[in-house]
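In what follows, a structure is listed as structure tokens, so that the remarks can point back to it.
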Amino acid sequence: MARKSAETKKDSSSRIATSGQDLVEVKNLVKHFPVSTGLIASLVNRGNIPSVKAVDGVSFTIRRGEVFGLAGESGSGKSTIGRLVLRLYEVTSGQVIFDGIDLKTLSAENMRRMRSRMQIVFQDPLASLNPRMTLGQAIEDPAQIHMPELSSDERHQRVLNILHAVGMNPPESFYNLYPHQISGGQRQRIVLARALITHPELIIADEPIAMADVSVRSILLDLMMKMKKEFDLTYLFITHDLATAKYVCDRIGILYLGKMCEMGDLHEVYDHPLHPYTQALMAAVPVPDPLQRRTTKMPEGEIPNPINPPSGCRFHPRCPLAKEICSQEEPVMRELRPGHTVACHFAEQFLPK
Ligand code: SF4
């Protein structure tokens with residue numbers, strides 16, 4: 001597929017060196033959301049405004065052409081990271097580098113152009129489609145913004161081609177329908193079509209099948225993988241579900257309370273999980289075979305309050321292996337096997353003998 005113009009692709013003044021084939025580099029990303037408090041509370045706090053530490057020093061790379069998964073419970077910060085990568089939120093600190101360009105350095109106009117190269121698919125397709133727009137108009141909308149060089153006939157044809165590619169056939173029969181006139185699975189295809197219309201390089205898929213009927217989930221995942229090949233895509237795949245991640249991801253990062261706790265090639269992490277939180281997440285994945293049904297539950301307790309996260313290792317109040325040091329010293333990410341990093345003081349005990 002033809003890519004966009006050189007003007008859209010590069011902003012040479014902002015280019016910085018990136019390693020190898022990385023399309024995205026996230027460096028020490030921090031996002032704190034200030035919490036609005038009343039006058040009295042702010043006087044008591046002496047002007048120190050509390051904040052939700054949604055993302056707190058996360059680093060990873062996404063290689064061109066791979067599916068990089070971000071997994072964790074609700075509140076782990078994974079969706080916030082997706083929005084930071086697209087610069088839908090401004091970072092508190094840290095960098096998102098896309099194809100060698102630090103997104104923070106782009107003007108609003110250059111960032112708007114850059115967005116044609118990176119699109120997002122949200123989990124709720126009904127909420128992300130305008131009920132007053134036909135499916136054709138919804139898909140065409142990003143092309144109108146990002147591809148002014150196309151004539152209206154060319155845009156129309158492009159919409160029909162994309163509808164065909166995502167399996168909405170015959171495309172003409174769907175063009176003038178409204179979102180409420182099709183099924184949930186079809187709506188998710190439309191959202192994917194809208195993301196593809198500008199031929200992006202990166203798609204951030206934020207729980208893309210979480211709201212789909214169980215019967216169509218694997219069909220949608222297969223479609224996403226087919227589109228990946230056809231459109232030469234790279235995915236950041238955000239999910240709370242490790243079974244889904246196993247189906248599509250090449251590498252995975254496990255997040256807990258705004259911190260990365262384990263990261264590596266998918267099979268490496270699944271075969272040798274080194275962090276107690278990853279082990280708990282994996283033990284809680286249901287097994288389809290009734291004879292082997294697992295009953296393991298997640299560790300007791302809720303994810304702690306991100307306004308005031310636990311000291312040391314953030315997982316220590318729930319960790320069955322926690323020792324004194326865990327509440328005192330934050331573990332750093334260490335590479336314990338090739339390409340496999342983990343942030344736990346005691347992860348060595350889980351290394352295969
Ligand atoms: Fe558990 Fe301590 Fe490891 Fe954290 S550092 S995961 S509390 S053992």
- Query: What are the residue pairs meeting all of these: first residue in the stretch 313-330, first residue without any contact (Cβ under 8 Å) to a residue 60 or more places away in the chain and within 18 Å of Q279 (Cα to Cα), second residue within 7 Å of the ligand (Cβ to nearest atom) and open to solvent by 100 Å² or more (accessible area, probe 1.4 Å), Cβ atoms under 9 Å, and 6 or more apart or on different chains?
  - Reply: H316/K323
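Please list, ordered by residue number, the strands (runs of 3 or more DSSP E) wholly in the stretch 15-101 having 2 or more residues that are at pLDDT 95 or above and open to solvent by 10 Å² or more (accessible area, probe 1.4 Å). Reasoning before the result, please.
Details: elements: 22-34, 51-63, 67-71, 93-98.
In the stretch 15-101, 22-34, 51-63, 93-98 are the strands (runs of 3 or more DSSP E) which contain 2 or more residues that are at pLDDT 95 or above and open to solvent by 10 Å² or more (accessible area, probe 1.4 Å).
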- Looking only at the stretch 115-142, count how many residues are part of a helix (DSSP H, G or I), open to solvent by less than 10 Å² (accessible area, probe 1.4 Å), modelled with pLDDT of 95 or more and not charged (D, E, K, R). 4
- Residue that is nearest to the ligand (Cβ to nearest atom) [pool: residues in the stretch 297-353 that are surrounded by 14 or more Cβ atoms within 10 Å (Cβ to Cβ) and in a strand (DSSP E or B)]: V342
- Task: Kindly list the number of the only condition in (1) acidic (D, E); (2) open to solvent by less than 10 Å² (accessible area, probe 1.4 Å); (3) farther than 24 Å from M333 by Cα that fails for E262.
- Result: (3)
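The values are calculated or read from the model by the stated rules, or taken from the named source; none is laboratory data. Keep in mind that what you see is a predicted model, and the values were worked out from it rather than measured. All Cβ positions, even for glycine, are placed from backbone atoms using ideal geometry, and neighbour counts span all protein chains on display. Note: areas computed on protein heavy atoms with side chains; ligands, DNA, RNA excluded. Shrake-Rupley method; radii C 1.70, N 1.55, O 1.52, S 1.80 Å.
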